[in-house]
1. Under 14 Å from the 7 Å Cα→Cβ point of residue 174, by amide nitrogen: which residues of the stretch 127-147?
2. Calculate the FRET efficiency for residue 94 and residue 28 from the Cβ-Cβ distance with a Förster distance of 22 Å, rounded to the nearest 0.05.
3. Do me a favour and compute the ellipsoid semi-axes for the chain from its Cα gyration tensor, root of five times each eigenvalue, largest one first, whole Å.
4. Okay, helix-only estimate at 222 nm for the chain: each DSSP H run of n ≥ 4 adds -39500 (n - 2.57), divide by all residues, round to 500 deg cm²/dmol; what do you get?
5. For a distance above 16 Å, tell me the whole-number percent of Cα pairs in the stretch 55-126 that qualify.
6. Going by how many other Cβ atoms sit within 10 Å of their own, how do 154, 134 line up, fewest first?
7. Based on the alpha-carbon set only, what is the convex hull volume of the stretch 121-180 divided per residue, in Å³?
8. Along Cα→Cβ, 7 Å out, is where each label goes; now give me the distance between the ones at residue 166 and residue 125 in nm to one decimal.
Ligand SMILES: [Zn+2]
């Protein structure tokens, strides 16, 4: 009998701490703040901007942040929700991992995390590697596109084939230094 009671209260405590983390993250970081953080630039509420999700190549801006409801929606990949959902999608957490997305959110913005079971951190470490890989892939794509659409057209004007090849390599190396 006593075991059942203590077991249940332990679960209750855990549920409370998970809710606390999510509530803390929601109260401290707004959807707009996270959207701007992910984009690396300002975002105007109610106006379309490119979707920050790594798995959505958003050619025509279709991502909206709504300040009155502190929410977001992407009309391209048909996802939306609150700041926790944005963190979860952007950082690759599963639906049942909302509390980890919330903890990550607090951590990312320099806030204290209400409770920190070690399993969170282990998982966070693993996720961090994944996110770094996604971020790098994204940068590589951007770099290749800049090269293709902004640099290659200039290089095409070089008549001499060898010089063009040499200049291409040099330009790509320069670009890699500028956009590592
Ligand atoms: Zn999207």
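1. 147
2. 0.45
3. With the √(5λ) rule applied to the chain, the semi-axes are 43, 20, 12 Å.
4. When only DSSP H runs of four or more count, the value is -19500 deg cm²/dmol.
5. Cα-Cα pairs of the stretch 55-126 separated by over 16 Å account for 54 percent.
6. Result, fewest neighbours first: 154, 134.
7. Dividing the Cα hull volume of the stretch 121-180 by its residue count gives 70 Å³.
8. Once both label points are built, they end up 4.9 nm from each other.
Here, each number is a calculation from the coordinates, and none is a lab measurement. Model, not experiment: these values are computed from the prediction. Positions of Cβ are generated from backbone atoms using ideal geometry, with glycine treated the same way; all protein chains shown enter the neighbour counts.
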